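**Student:** Okay, here's the structure, questions in a sec.
The values are calculated or read from the model by the stated rules, or taken from the named source; none is laboratory data. Note that the structure is a prediction, hence the values are computed from the model and not measured. Note: ideal-geometry Cβ built from the backbone for every residue, glycine included; neighbour counts use all protein chains shown.
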Amino acid sequence: MKNLGKYVMLFLVGCSLLQAGSLRAFVSDSDIEPGESVVLYIKAQGDDIEFPTIEKIGGYRVKSGLSETGYSINSVNGQTSSIKEESRSLIFTPDKDMTIPPIEVKVDGKILKSDPIKITLSKKSVTPPTNTDNTSIATLSLLPSKSEMYAGESIIATLYFRYRRDADIVKSEYQKPSFDGFLAKEIGGVQEYRDGEYDVKELNYALTPLDSGKIDVEPAKLRFSRYVQSNTHDMFDMFYKKAVAKTIASKAFSVDVKPLPKDFDLVGDFKLKATINKSEVEANKPVELDIVLEGYGAIDTLDLSKFDALSGIALYKDEPVKKESIKDGRLYTSYHQKVVFVSDRDFTIPPLGLSLFDPQKGTDKTLKTEQFSIKVKGSVAPVASPTTGAEQKTVQVEPQNTPSTPKTEKSETAKQASWLYFAIFISGVIIGVLALLLFRFIRAKKGDIMSSDDLLSKLYPYISKDKEVEALVRELYAKKAGDKSIKIDKKRIKQVLANLKKYQ
């Protein structure tokens, strides 16, 4: 009996040693959809394992490969033994049915081969017709709000990533379409909500075509990884999950873009309004004009402050504020522009006019603001000519009896006087120029490096961003209007100008 026990023990140890040198290969899924990747797992057990370098599988390039090394522990009748195990995870994307050929690995000096694995490419569509398919782990859809539009009109394309809440997704990588032929922008960011057993991520794009004709939009793609229970029959694999990667894609779609009957400033449904804060001001006091344009459509390169032709009037523009959102399934845009006018005389702010085409109604019209007449108190009156309305008198001087002087002596004296006057005039000009240069040099030395108009022009764009800038601008206006009680420290001006760098 003792010998029989020894034989049984030797048999079990031999079986363990035979098991030590083994190789197997399996895939994440043998039935895949177009665009989906396959993960090939290769596991070998033995004391000495040599994996080959695999760059292609069945003619398809391997995108990535992960290596792991561990030990399996066996216990038979109280006797334990450890077996070294190495594995490789290789990812590739086939575009048709194929068979993975046997993989050769050298284990403990012997070449072992895995079994061939058949991969079948499903013929069904990658993305279901709608985003309500309850049979898939995850779906990706990109749906346009309309398939026909006018050039310059905007539509909304909505992306839906819908996945089961129990899918255990650990990572996702989204590849958005290039949107060639469109001016595209994301609106509102990613929205997340629940739909029954599914979680949904939604993202909206505003698409404005750059030209007329048929424009194709390529599919969006998303690659995600999730943990699944191992589907092998290894008794040790049942205790852990493995990460499986998958790629899904939306359907491509096309949009027919009709040309406009003529050029327009705007395409959509907008309202334009302009208001002023006051119609009567003191000389050199600011008048603020607020321009508001809002409605359905895109505003990208519009300038609503074209008042540069107003001569003799100081003009300052704030940066326009533009906001975009989704309203009633359409792009809704609001545009706010503030313009400030400063003058020492009465002036008129002309109306603004914009041509608009309404694609919903197929009609066009002109949007126009009100004209504003500004009354300036203490306005500078036109300067009258010195001789206008003045009575000119002619004084007759009777000749007096004077001693007779030779004609040549009088001419010489007059000539000398002319040269003297000319020399005095030239000297005065030179002295004046030198005095002006000296005055400017002294001012520069004192730090008065900018005139009030230059300062106002530089500071006004930042009046809404910095309270110190706003206070300084108001003081400059008051000083320019004649308030002698205002005194502005030059160090303060320098400090305010230096602080502007953080806004540039």
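**Student:** Enumerate the pairs (first residue in segment 366-379 and free of Cβ contacts under 8 Å to residues at least 24 places away in the same chain and at negative phi; second residue anywhere and crowded, with 17+ Cβ neighbours inside 10 Å and of a type in the set (A, V, I, L, M)) with beta-carbon separation below 8 Å, excluding pairs fewer than 6 apart on the same chain, so at least 6 apart or on different chains.
**Tutor:** Listed by first residue and then by second, the contacts come to T366/L354; T366/L356; Q371/I349.
**Student:** How many residues are within 17 Å of L159 (Cα to Cα) and out of contact with any strand residue (DSSP E or B) (no Cβ under 7 Å at 6 or more places or on another chain) when one looks only at segment 196-227?
**Tutor:** The number of residues fulfilling the criteria is 1.
**Student:** Working carefully through the options N277, N284, N231, find the one that is at pLDDT below 95 and within 30 Å of L121 (Cα to Cα).
**Tutor:** Unique residue meeting the criteria: N231.
**Student:** Between G213, G189, G181, G152, which is touching a residue at least 60 places away in the same chain (Cβ under 8 Å) and of a type outside the set (A, V, I, L, M, F, W, C)?
**Tutor:** It is G152.
**Student:** Pairs only if they're at least six apart or on different chains, beta carbon under 7 angstrom, first in segment 314-329 and of a type in the set (D, E, K, R), second surrounded by 11 or more Cβ atoms within 10 Å (Cβ to Cβ) and not in a strand (DSSP E or B); list them, first residue then second.
**Tutor:** Going by the 7 Å Cβ cut-off, the qualifying pairs are K317/S305; D318/P461; D318/S464; E319/P461; K322/I299.
**Student:** Please work out if P320 is out of contact with any helix residue (DSSP H, G or I) (no Cβ under 7 Å at 6 or more places or on another chain) and closer than 30 Å to L476 by Cβ.
**Tutor:** Yes, satisfied.
**Student:** Continuing with the same structure: Condition test on D454, is it modelled with pLDDT under 65, acidic (D, E) and surrounded by 10 or more Cβ atoms within 10 Å (Cβ to Cβ)?
**Tutor:** In short, no.
**Student:** For residues that are in contact (Cβ under 8 Å) with a residue 60 or more places away in the chain and in a loop (DSSP other than H, G, I, E, B), tally how many sit in segment 244-261.
**Tutor:** 5
**Student:** When you scan segment 301-315, do you find a residue that is crowded, with 17+ Cβ neighbours inside 10 Å, modelled with pLDDT of 90 or more and either over 15 Å from I374 (Cα atoms) or not assigned by TED's automatic domain parsing to the domain that holds Q191 (or both), even just one?
**Tutor:** No, segment 301-315 has no match at all.
**Student:** Also, I was wondering about something else. For segment 38-55, does any single residue satisfy the condition of being modelled with pLDDT under 80 and either in the same structural domain as I117 (by TED's automatic domain parsing) or among the charged types (D, E, K, R) (or both)?
**Tutor:** Step one: list which residues in segment 38-55 are modelled with pLDDT under 80, which gives none.
Within segment 38-55, none of the residues are modelled with pLDDT under 80 and either in the same structural domain as I117 (by TED's automatic domain parsing) or among the charged types (D, E, K, R) (or both).
Yes/no matrix, rows are residues, columns are (1) outside any loop (DSSP other than H, G, I, E, B); (2) farther than 18 Å from P144 by Cβ; (3) of a type in the set (G, A, S):
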position	(1), (2), (3)
A167	no, yes, yes
A184	yes, no, yes
G188	yes, no, yes
R194	yes, yes, no
A206	yes, no, yes
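**Student:** Filter segment 152-165 down to the residues that are assigned to a loop (DSSP other than H, G, I, E, B) and within 30 Å of L183 (Cβ to Cβ) and list them by number.
**Tutor:** In the first step, residues of segment 152-165 are kept if they are assigned to a loop (DSSP other than H, G, I, E, B); the result is 152-154, 165.
Of everything in segment 152-165, those that are assigned to a loop (DSSP other than H, G, I, E, B) and within 30 Å of L183 (Cβ to Cβ) turn out to be G152, E153, S154.
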